[in-house]
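A quick write-up on the structure given underneath.
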Amino acid sequence: MSDQELYPVPAAWAEAAKVNRAQYDAMYRASVTDSDAFWLEQAKRLDWMKAPTAAGDWSFDEGDFRIQWFKDGVLNVAANCLDRHLATRGDQTAIIWEPDDPAAAPKRFTYRELHAEVCRFANVLKAQGVKKGDRVTVYLPMIPEAAFAVLACARIGAIHSVVFGGFSPDALAGRIADCDSKIVITADEGRRGGRRVALKANVDEAAARAPSLEKVIVVKSTGGDITMGARDIWYHEAAAGVSADCPVEPMNAEDPLFILYTSGSTGQPKGVLHTTGGYLLWASFTHDLVFDYRPGNVFWCAADIGWVTGHTYIVYGPLANGATTLMYEGLPNWPDASRIWQVVDRHQVHTVFTAPTALRALMKDGDDFVRRTSRTSLRLLGTVGEPINPEAWRWYHDVVGEGRSPIVDTWWQTETGGALIAPLPGATDLKPGSATLPLPGVQPQLVDENGQVLEGAVSGNLCITASWPGQMRTVWNDHARFFQTYFTTYRGKYFTGDGCRRDEDGYYWITGRVDDVINVSGHRMGTAEVESALVLHPKVAEAAVVGMPHDVKGQGIYAYVTLNAGETASAELNTALKQWVRKEIGPIATPDAIQFAPGLPKTRSGKIMRRILRKIAEGDVSSLGDTSTLADPSVVDDLVTNRVS
Ligand code: WTA
């Protein structure tokens, strides 16, 4: 990766920039020298029932650990995303929905219509007894009701927990049980790439393992055949009997807005909790700055609402800013690799925001699929989720954007609420592969293994030293785990889990996770989760999972499996184990390679040496390092010989 390859801000962007380089520098300085004044001023972009009088109140130190923002402020997220726009842009399109099947009709909802839909959904929830603080699990496909549902929760102060529709019944059950949610909102089926996903059937299966679950609200989407039982309620029937008017619940800035489960290095996924004021401000602020949003622009974040990117940049950021946001039900490459660009033309999309993995997949299919579309409406391109290789970056820039559109490479995490390191299109010269510079209020720091602060052009572990409004507040039900996970590796700092290089110009280059998290197609997978799924199989004694380089996915999942005594390895068992994990967690967790191993490399104290396993999976067997401390160094030879390539 060359630090020298520079794409200056295009002239057209520099002239019309909402924030130019001098302004960015000034904002950044103000945000760190007088954080309170800066954020109280920024807070005015939201509509408060009671304006906050103080901004951040936080400490990352153990004795004093707390993170709060705008804590005497009162507001409602749905009022900010809907009600306040009615007078000025009630008839403007809020959501454009593009269906999976290109022959089916798109739908559009104005702010006024969206307001009515959300109120109705909120009243249905209320009629089922949902109150402020209750947890509502949302397991929906990418249909407009997914946006209605989360905004309805926000309106009445219920805490939503969206579970990606690709997760298995077991994964869903775990997430329902962890936050003790009594209600699940789902659909009969989802549609993706012409196929149907049996969502309601998955909920039925999950219910057996989720004792808190009392009611299931079912949206009719495909009209597919499903069984409705005693706890099931058709949404359309319930909605027919309620008013399209629902008052908003006044929420303290620190009241919870949502839980979103995400994978970490250890244990089962944790419920990342975001609160009302700080999160919404961060969503609105970053959407406005990073995407230079202007009235009339059609903004398309091509993520799923099951991930944080969908929360922040399909729903909350754009709607808080009164934007027109596009929701797409389907896949980037179905029916063919020109689909995304056709949708861009159909809806005259101004900004596309997607993951490098999608770009790499499309790039493989050739430029023709792009060139046959016009894309004249496109002005800005974004990426998120994983490091983008410069080759994919250049393809996006030159072929998709025809050199006209800057690329905003946004680095962030479920935990951060929104982008933390990203260019501003009218301010920041770009370098392919670098997320560039921190946004106002974000104070990155690189440290070595011992926590020593590293200055200048250097590589290290990425920490953030000061809180920002969009920071997660806790792990649901486990505040100790929150502190332990993020604030104990390097005392007094938030540790991101990412490795990072800083160049001579102060640009940040994220190199990937340095912990036991694998980034598969921009989705986080904990190695521990895949390992627990594998050892549940009756023939498996032990499993160790690591990441391996993958052309399209960025990283693939490589699993070493030791079978129980008496079991024999076979191609059939290999396939069966992949299917097993797919069923236990979901398709995104399917191992790309499984290697049967008679033994795993362990230290004398029994700790698996993952460093060695990673090297072998990467095919880098010439530099395995010191293996003499292993309990049985000979296992390494077998692993190397039988490596799956
Ligand atoms: C990775 C997604 C490089 C990173 C918003 C992070 C990135 C993890 C980028 C969070 C980027 C995200 N460049 N790496 N622009 N964006 N990542 O929680 O490793 O699903 O820690 O949030 O994705 O994944 P998560």
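The values are calculated or read from the model by the stated rules, or taken from the named source; none is laboratory data. Everything numeric here is computed off the predicted structure, so don't read it as measured data. Glycine also receives a Cβ, built like all others from the backbone with ideal geometry; neighbour counts cover every protein chain displayed. Side chains are part of the model used for accessible areas, which takes the heavy atoms of the whole protein and leaves out ligands, DNA and RNA. Shrake-Rupley method; radii C 1.70, N 1.55, O 1.52, S 1.80 Å.
Observations
- Which listed pairs, of LYS107/LYS182; LYS131/LYS493; LYS553/LYS615; LYS270/LYS364; LYS71/LYS131, have C-alpha distances above 25 Å, in listed order: LYS107/LYS182; LYS131/LYS493; LYS270/LYS364
- Cysteines having no other Cys beta carbon under 4.7 Å from their own, within the chain: CYS81, CYS153, CYS179, CYS301, CYS463, CYS500
- Kirkwood hydrodynamic radius (C-alpha pairs) into Stokes-Einstein, the chain, 20 °C and 1.002 mPa s, D in µm²/s: 84
- Descending by average beta-carbon neighbour count within 10 Å, the peptides 436-442, 273-279 line up as 273-279, 436-442, the highest first.
- Each part reduced to its alpha carbon centroid, the range 168-227 and the range 1-63 end up 40 Å apart.
- Shape analysis of the range 77-233 based on the Cα gyration tensor places the equivalent ellipsoid semi-axes at 26, 21, 12 Å, largest first.
- Assuming charge only on the beta carbon of Lys and Arg (+1) and of Asp and Glu (-1), the dipole of the chain about its Cα centre is about 960 debye to the nearest 20.
- Derived scalar couplings between HN and Hα for the range 435-447 equal 6, 6, 10, x, 6, x, x, 9, 10, x, 8, 9, 10 Hz in order, rounded to whole Hz, by the Karplus curve 6.51 cos²θ - 1.76 cosθ + 1.60 (θ = phi - 60°), x for Gly and Pro.
- Per residue of the chain, the DSSP helices (runs of n ≥ 4 H) give a summed -39500 (n - 2.57) that works out to -8000 deg cm²/dmol at 222 nm.
- Size of electric dipole in the range 239-374: Cβ of Lys, Arg +1 and of Asp, Glu -1, about Cα centre, debye, nearest 20: 400
- Per residue convex hull volume, Cα atoms of the range 1-96, in Å³: 237
- In the range 1-78, GluC sites (Glu not before Pro) in a DSSP loop with at most 14 other beta-carbon atoms within 10 Å: GLU5
- A straight line joining the Cα centroids of the range 82-153 and the range 346-375 runs 28 Å.
- DSSP beta bridges in the chain [antiparallel fraction, %, rounded to 5]: 60
- Karplus-derived 3J(HN,Hα) values for the range 103-109, using 6.51 cos²θ - 1.76 cosθ + 1.60 with θ = phi - 60°, are 7, 7, 7, x, 10, 10, 10 Hz; glycine and proline are entered as x.
- Charge-dipole axis of the chain as Lys and Arg at +1 and Asp and Glu at -1 on Cβ define it, positive-most pick from GLY73, VAL408, GLY267: GLY73
- Accessible area per residue, Å², the chain with all protein chains present, probe 1.4 Å: 36
- Surface composition of the chain: carbon plus sulfur atoms contribute 49% of the solvent-accessible area (1.4 Å probe, protein chains only, all chains present).
- Rounded Å value of the spacing that divides the Cα centres of the range 506-548 and the range 283-328: 29
- Relative contact order for the range 252-306, counting Cα pairs under 8 Å that sit 6 or more residues apart, in percent: 28
- 5 angstrom amide H check on ASP3, placed H, neighbours 5+ away: none
- Trypsin sites (Lys or Arg not before Pro) within the range 124-171: DSSP coil, no more than 11 neighbouring Cβ in 10 Å: LYS131
- Karplus (6.51, -1.76, 1.60) ³J(HN,Hα), θ = phi - 60°, over the range 384-389, in Hz, Gly and Pro reported as x: 6, x, 6, x, 9, 6
- Taking the square roots of five times each eigenvalue of the Cα gyration tensor of the range 496-645, the equivalent ellipsoid has semi-axes of 27, 20, 13 Å, listed largest first.
- The range 475-585 - charge dipole about Cα centre, Lys and Arg +1 at Cβ, Asp and Glu -1, debye rounded to 20: 200
- With all projection directions averaged, the alpha carbon convex hull of the range 544-618 covers 5.7 nm².
- Over the range 336-398, relative contact order from alpha-carbon pairs under 8 Å, at least 6 apart, %: 46
- GluC sites (Glu not before Pro) lying in DSSP loop within the range 173-230, provided at most 14 other Cβ fall within 10 Å: GLU214
- Options THR357, THR376, PRO332, ranked by Cα towards positive dipole end of the range 331-394, top entry (Cβ charges): THR376
- Over the range 484-584, the fraction of Cα-Cα pairs per 5 Å bin, rounded to whole percents and listed from the shortest bin up, is 2, 11, 17, 18, 16, 13, 9, 6, 4, 2, 1, 0.
- Normalised contact order of the range 46-171, rounded percent, pairs of Cα under 8 Å and 6 or more residues apart: 19
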